[in-house]
Each structure stands twice: as C-alpha cells, then as structure tokens.
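Colleague: This is the structure I want to talk about, given as structure tokens.
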Amino acid sequence: MPSSCPECGSSNVVEDDLYSQRQWVCVDCGSVVSEGHLTTTVSDETQGRAVPYHASTEVLKKPCRNLIAGFSRVRALCQILGGCCVLSVCRQCNWPVAMGTIGYLLGVDNATLGTVYREFTKALNIEISTIGIMDMLESFCYDFKLGPQQVEEVFAEPPQRLVDRTSALIELAADAWIVTGRQPLPLLFAAVYLAWQSLNPTVRMKYTFVKFCKIGKAPEQSWHRSRDSVVKRLKELRDVLCKLGRELPWLRGGTVEPNTVVPLVDDILKNHRALLLRAVRNYEQQLQNESQTAQTTECDNELSDSNRSESHSSTTPELMDPDQAGCENPADKQATDCQLPPDHWSKRHLFLPPCVKNRKRQRVDAPQLEVTGDEEISDSEIESYIRSQDEIEMYLKVQKELKKMA
C-alpha cells in the first residue's frame, strides 16, 4: 500500500475496487496512486507488481483448438521436410530407397510426401536421378525373414533364389506394360509373393498374401496401407501369366485360370520371349479372322437388304423416302455418317499401358454465363412482374382488412 500521494503529499490513500483492476486512490486530490497489472502471477496478483509473461497467469490458459492444430501441422511439415532431406541424400548417393519406405517410417501419406518433395527439390534446384524398380529389388527381397533358420522348412527360401525369380517376374511385367507409371512397392510385393508361391506351388498356393507377409515378418504398416494396390498388381500379373500360359504347346489349348497358373510360372518365365511373340501373333490372327467374318456377314446383309429394297420399290415406289434410299448404299452411308465409327486402336493390341487400358474420363467444365446487366428483357418477362387486375383487387382487400385489425 502506498504511504502518501505523490501529487499532493496527502497520506489519505484508500483502496478502490470499483473496476476490474484494483487501484489506490488519493481521497484529497483524486489521483490514482497505484493500480494492478494485467500480467501478474497468482501469488503476486495481490501485490500489484509487474512480472514477466512466462510467469504470469496467461501461461496457465489452455491454447485454442486452432492453435493446437497449427502446431501439429507445423510439426508434421518439419517431419516431412526431414524425410525429404533423407530421401534427397539417398537419391544423390544412388541408394535404393523408395519414397514409400520414407513415408512408412514417418507414418505420413505418400501423396503429401511427394508434394512436399517436389517443392523441396524445386526450391533448392536439386537435380536427382531416378531409381528404377530393379535397383531396389534385392534389398527389398532381403527384408523378408524367409531364411531356413527363420521359418519352417516348407516356407523357407534362400534370398538369392527369391531375388532371381522376382527379377524374372518384374522383367515380364515390364514387357507387358505393368511397370509403366506404377508405384514400385505394391508391384514388388505382388512379384515377391508370386515368386515365393511359384518356387513351391504344391504347398504354398493355399496361403494368401496377408499370410505370406506374416510368415515373412514384413512390417504390417508397409503392406497394409497399399494392400488394395497390391491386389490390383497381383491380378494384372496373373492375367499376363494366363495369356502366356495358354500358349504353352504341351497344354494343347487347355484352360489356364488365375488361381491355377502358379504351377506354370517356371515354364512361362523360361520361354516368355517366345510365348509373348506367339500370344501377340495369335491375337492378331484372331482379330483378322473376326474382321473377315464381320465383313462377310455385312456383305451378305447388304445384298439381302438391296434385294428387299428392289422388290419393295417395284411394288410400292411411292412409299420410298429419297433420303433413306440414298443411305442404303455403303458409300452413301459413309458420307452421311450412318454407320458406327471404327473400334478404338487399343483393341488391336494384346498388352497395353495403363494410361490406355484404364483411361480416365476427361472432366468438362460447365460453361459460365457472362452477365453484364445490359441484356435485353423480353416483353413477356416484363409483363410477369406487373400485377393483374385481380391481384390488385386482392392486394387492396388485404390492406383494408389489416387496417381494420389494427
């Protein structure tokens, strides 16, 4: 408590609690001798002494939800930037580390990591060579714990043998356009799983992909997040193996299904170059035969239609429409676009890249209307704004009733 007023020297100083902050006021002159501070500690609040902010009661307040979310976002970005630095160093040193591996270790989405990585390399003007899927194949296969001392004998497989079989499957996938534009990790998982099954198909065909990952002690988060993509790559690999398996001479046209093609993988991989050429040649021959059959059928239909039209014109010539009669000629059909357009070129090829096979539909933006305010208004629209005689009478009647009620 102040002893005296610095203005008039009076000792008649009293406490005033009228406002939110406690004040000491001189009764004689009315001057404010001392007042409280906005930042005070809990213990010093009654003393009215100024204290640092970090020791004030403001620190005890809980931060708002947006502030907490902002801090979390900043920490996540810092973590992703650290992962981008590691990935950049690995690429510059030609170490086979995939972006999906960094994303798995950080626990972040690959799309977010890829976006930040592109901005990171662009801002620092870093030129980094790309890493092929074959560069990371060996280290990926060695990550599976499938050695004789690690699993049972029926599941065990020497790592180098698994690498060789997986490498052959990846090479076949590249020839069939499966590798193009695809993330490497799902394709590696699918190829390793099929390679492991094909090395002992009698015992291992009954085990699913999830069971294989658990047997090989693969980190669950690494394959669980990309499980849907792995299933798609498995289906594509099996479809290619089925197309080539049907060309094996000793099968003599036997049926080859995706769930029974695994025992044929060894024979397919040993002869896959010849089988690829034979499958493409047979597919082209099949298309040519279908085209000739379709042309023969079309010619027969045209002859029958022409005969029918001649007989019809001889009996009832007045019922013929000139436009319809002209379109009966194949040349006229082509000129007037009466016939359907030819099939897409992709149907003439057995193996296609993903961008052609699964072509995305292009989004068409709706046209935006430009309104300037100078547009002309039709008379019918103007008349719709003018009240009719019945509406005027109804309006006056309602106004009169409202005045009576008031």
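Colleague: If I ask for residues that are under 15 Å from GLU119 (Cβ atoms) and either open to solvent by 70 Å² or more (accessible area, probe 1.4 Å) or hydroxyl-bearing (Ser, Thr, Tyr) (or both), which ones from the range 74-94 would you list?
Modeller: Within the range 74-94, CYS78, LEU81, SER88 meet the criteria.
Colleague: Which numbered condition in (1) within 30 Å of ASP266 (Cα to Cα); (2) out of contact with any Leu (no Cβ under 7 Å at 6 or more places or on another chain); (3) surrounded by 14 or more Cβ atoms within 10 Å (Cβ to Cβ); (4) modelled with pLDDT of 85 or more is the only one that LEU113 fails?
Modeller: LEU113 satisfies every listed condition except (1).
Colleague: Sticking with this one: Quick test of your reading of the structure: GLN334 fulfils all but one of (1) open to solvent by 60 Å² or more (accessible area, probe 1.4 Å); (2) part of a helix (DSSP H, G or I); (3) modelled with pLDDT of 65 or more; (4) polar (S, T, N, Q). Name the failing condition by number.
Modeller: Going through the list (1) open to solvent by 60 Å² or more (accessible area, probe 1.4 Å); (2) part of a helix (DSSP H, G or I); (3) modelled with pLDDT of 65 or more; (4) polar (S, T, N, Q), GLN334 breaks only (3).
Colleague: From GLY181, GLY132, grab the single residue that is within 32 Å of the chain's Cα centre (by Cα) and at positive phi.
Modeller: Of GLY181, GLY132, the one residue that is within 32 Å of the chain's Cα centre (by Cα) and at positive phi is GLY181.
Colleague: Go through (1) modelled with pLDDT of 75 or more; (2) exposed (fewer than 10 other Cβ atoms within 10 Å of the Cβ); (3) within 30 Å of VAL240 (Cβ to Cβ) for GLN362 and report which single condition fails.
Modeller: All conditions pass for GLN362, except number (1).
Colleague: Do the conditions hold for ALA156, that is, is it without any contact (Cβ under 8 Å) to a residue 60 or more places away in the chain and part of a loop (DSSP other than H, G, I, E, B)?
Modeller: So ALA156 fits the description; yes.
Colleague: Taking the range 135-151 on its own, how many of its residues are aromatic (Phe, Trp, Tyr) and within 27 Å of the chain's Cα centre (by Cα)? Lay out the reasoning, then the answer.
Modeller: Just the residues of the range 135-151 that are aromatic (Phe, Trp, Tyr), to begin with: 140, 142, 144.
Next, only the ones that are within 27 Å of the chain's Cα centre (by Cα) stay: 140.
Going through the range 135-151 one residue at a time, the tally reaches 1.
Colleague: Test each condition in (1) touching a residue at least 24 places away in the same chain (Cβ under 8 Å); (2) within 24 Å of ASN259 (Cα to Cα); (3) over 30 Å from the mean Cα position of the chain (by Cα) for LYS206 and report the one that comes out false.
Modeller: (1)
Colleague: Taking into account only those residues within the range 46-104 that are at pLDDT below 75 and hydroxyl-bearing (Ser, Thr, Tyr), which is nearest to LEU137 (Cα to Cα)?
Modeller: TYR53
Colleague: Please find, among LYS122, LYS145, LYS206, the residue that is within 18 Å of VAL231 (Cα to Cα), of a type in the set (Lys, Arg) and surrounded by fewer than 16 Cβ atoms within 10 Å (Cβ to Cβ).
Modeller: LYS206
Colleague: While we're on this one: Can you name the number of the only condition in (1) modelled with pLDDT of 90 or more; (2) open to solvent by less than 30 Å² (accessible area, probe 1.4 Å) that GLU171 fails?
Modeller: Among (1) modelled with pLDDT of 90 or more; (2) open to solvent by less than 30 Å² (accessible area, probe 1.4 Å), GLU171 violates only (2).
Colleague: Scanning for something within 22 Å of LYS232 (Cα to Cα) and of a type in the set (Ser, Thr, Tyr), does the range 82-89 turn up at least one residue?
Modeller: No - not one qualifying residue is present in the range 82-89.
Colleague: Just give me the residues in the range 229-263 being among the aliphatic types (A, V, I, L, M) and open to solvent by less than 30 Å² (accessible area, probe 1.4 Å), in sequence order.
Modeller: Once the filter is applied, which keeps residues that are among the aliphatic types (A, V, I, L, M) and open to solvent by less than 30 Å² (accessible area, probe 1.4 Å), the range 229-263 yields VAL230, LEU234, LEU237, VAL240, LEU241, LEU244, LEU248, VAL256, VAL261, VAL262.
Colleague: Give me the pairs, please: first residue somewhere in the range 86-97 and at positive phi, second residue anywhere and hydrophobic (A, V, I, L, M, F, W, C), beta-carbon distance under 9 Å, and either six or more positions apart or on two chains.
Modeller: ASN94/ILE131
Colleague: Limited to the range 126-142, what total is found for residues that are in contact (Cβ under 8 Å) with a residue 24 or more places away in the chain, part of a loop (DSSP other than H, G, I, E, B) and either open to solvent by less than 80 Å² (accessible area, probe 1.4 Å) or in contact with a Leu (Cβ under 9 Å, 6 or more places away or on another chain) (or both)?
Modeller: Within the range 126-142, residues that are in contact (Cβ under 8 Å) with a residue 24 or more places away in the chain, part of a loop (DSSP other than H, G, I, E, B) and either open to solvent by less than 80 Å² (accessible area, probe 1.4 Å) or in contact with a Leu (Cβ under 9 Å, 6 or more places away or on another chain) (or both) number 6.
Colleague: So, one more: Only residues that are in contact (Cβ under 8 Å) with a residue 40 or more places away in the chain and among the hydrophobic types (A, V, I, L, M, F, W, C): list them for the range 269-294, please. Steps first, answer last, please.
Modeller: So in the range 269-294, the residues in contact (Cβ under 8 Å) with a residue 40 or more places away in the chain come out as 269, 272, 276, 279-280, 283-284, 287.
Matches in the range 269-294: LEU269, LEU276, ALA279, VAL280, LEU287.
The values are calculated or read from the model by the stated rules, or taken from the named source; none is laboratory data. Just so it is clear, the model here is predicted, and its values are computed rather than measured. Using ideal geometry, Cβ is built from the backbone for each residue, glycine included, and neighbour counts are taken over all protein chains shown. What goes into the accessible areas is simple: the full protein's heavy atoms, side chains included, and nothing from ligands, DNA or RNA. Shrake-Rupley method; radii C 1.70, N 1.55, O 1.52, S 1.80 Å.
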